Amino acid sequence: MLRRSIYKTPAQLRSMVEPGLITAASLDAVRDMIAPGVTTGELDAAAARIISGRGAESNFQMVRGYRHTTCVSVNEQVVHGIPGDRVLEPGDIVSIDSGAQFRGWNGDSAITIVLPDPSRPELVAERETLSQVTEGSLWAGIAAMATANHIGEIGAAIEAHIAASGHGYGILRDYVGHGIGRKMHEAPSVFNYRTPDPGPRVHPGLVLAIEPMVVAGSEETFIEDDDWTVSTVDGTSGSHWEHSVAIHDGGIWVLTAADGGAAGLAPFGVRPVEIG
Ligand code: MG
Ligand code: MG
């Protein structure tokens with residue numbers, strides 16, 4: 001059987017810039033409107049408006065059986081929450097995952113936002129820390145990709161970052177990052193932890209969606225009765241951050257960040273280079 005290479009050509013990498021930026025813009029729209037009192041369905045609609053307004057399509061709607069533009073996961077929900085009429089409350093930790101397909105190429109990205117709650121400062125601080133450590137682990141993984149020989153170094157960096165935080169957070173084992181291109185989900189898998197297998201080589205043409213899914217307690221999860229939502233068994237909070245990232249001849253570029261990842265990579269001494 002003929003296997004398509006996991007490595008893209010320079011022209012294919014250029015085709016992935018716009019869907020990445022549209023995906024980023026859809027999450028910016030969510031960021032702008034999220035607040036207590038807003039429903040998860042309204043967040044979904046905001047992302048959908050941006051994606052269709054820029055001439056793109058929702059790639060989540062191309063996943064069999066899924067009708068929404070985003071996944072919105074609240075509190076003990078870690079990933080794959082279905083947007084609807086749930087009203088967000090003060091102190092909620094909300095992970096939003098979005099993706100756009102533009103001219104046949106895909107972007108995929110996720111953010112976590114903690115809503116303010118002046119009456120519960122400790123809860124908000126705990127959830128902020130979980131989100132910050134998760135986002136930090138994403139950037140540690142992206143920074144590792146910039147110089148890695150093999151994909152396995154990315155997961156090792158993510159795991160090390162989370163362990164170094166000293167909070168005893170769990171990392172989901174059953175859900176992983178992935179290659180991305182013509183399809184939203186392509187080979188190879190990108191684990192969020194150290195594995196015995198070093199995995200495929202990192203070299204120009206590789207595009208990965210890196211997406212740590214981290215929980216405040218045990219990593220044990222279950223799927224809710226809606227057949228989608230992944231929630232923690234112990235009820236502790238989850239956080240999910242994701243970017244689509246390309247390695248090209250000039251270096252690394254985060255496709256789903258408007259600045260190519262410059263701000264997130266700066267603490268690691270890595271400077272992204274625009275895809276030429
Ligand atoms: Mg995603
Ligand atoms: Mg993904």
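Using alpha carbons only, the radius of gyration of region 166-253 set against its Kirkwood radius gives Rg/Rh = 1.03. Compared with the alpha-carbon gap, the fully stretched path from residue 234 to residue 61 is longer by 59.2 nm at 0.36 nm per residue.
From largest to smallest, the equivalent ellipsoid semi-axes obtained for region 214-259 from the alpha-carbon gyration tensor read 33, 12, 9 Å. The angle between the Cα long axis of helix 40-53 and the main principal axis of the chain comes to about 30°, on a 0 to 90 degree scale. Restricting the calculation to alpha carbons of region 1-127 gives Rg and Dmax of 16.4, 60 angstrom. In this structure the amide hydrogen of residue 252, modeled in the peptide plane, comes within under 5 Å of the amide hydrogens of 273, none closer than 5 places in sequence on its chain. Couplings 3J(HN,Hα) for region 230-235, derived from phi with the Karplus relation 6.51 cos²θ - 1.76 cosθ + 1.60 (θ = phi - 60°), are 9, 10, 6, 5, 7, x Hz, where x marks Gly and Pro.
Across q = 0.18 Å⁻¹, region 10-61 modelled as identical point scatterers on its alpha-carbon atoms has Debye log10 I(q)/I(0) values of -0.59, in the order of the q list. Specify the residue with the greatest mean-square fluctuation among 17, 38, 190, computed from a Gaussian network of the chain linking alpha-carbon atoms under 10 Å apart. Checking each option, the largest mean-square fluctuation is seen for 38. For the chain, the alpha-carbon radius of gyration amounts to 0.94 times the rule-of-thumb value 2.2 N^0.38 Å expected for a compact globular protein. Remark: spin-label model distance residue 35-residue 185 equals 3.6 nm, labels positioned 7 Å along the Cα→Cβ axis.
Considering only 107, 41, 181, the Gaussian network model of the chain with Cα springs below 10 Å gives its largest mean-square fluctuation to 41. In nanometres, what is the gap between the two model label sites at residue 167 and residue 258, each 7 Å from Cα along Cα-to-Cβ? A separation of 2.6 nm, rounded to one decimal place.
The percentage of C-alpha pairs in region 129-276 whose separation is greater than 20 Å is 45%. Helix 121-147 and the longest principal axis of the Cα set of the chain meet at an angle near 10°.
Across all Cα atoms of region 60-205, the radius of gyration (one decimal) and Dmax (whole number) stand at 16.6, 50 Å. Working note: 222 nm ellipticity from helices only, DSSP H runs with n ≥ 4, each -39,500 (n - 2.57), summed and divided by the residues of the chain, gives -9500 deg cm²/dmol to the nearest 500.
With each pseudo-label sitting 7 Å past Cα toward Cβ, what's the residue 117-residue 28 distance in nm, one decimal? For residue 117 paired with residue 28, the spin-label model returns 3.1 nm. Note that region 68-78 has calculated 3J(HN,Hα) couplings of 10, 8, 10, 10, 10, 10, 10, 6, 6, 7, 9 Hz, one per residue in order, obtained from phi through the Karplus relation 6.51 cos²θ - 1.76 cosθ + 1.60 (θ = phi - 60°); glycine and proline are x.
We did not get these values from a lab; they are worked out from the coordinates using the rules stated. Not measured: the values here are computed from a predicted model. Neighbour counts are summed over all protein chains in view; Cβ atoms, including those assigned to glycine, are modelled from backbone coordinates with ideal geometry.
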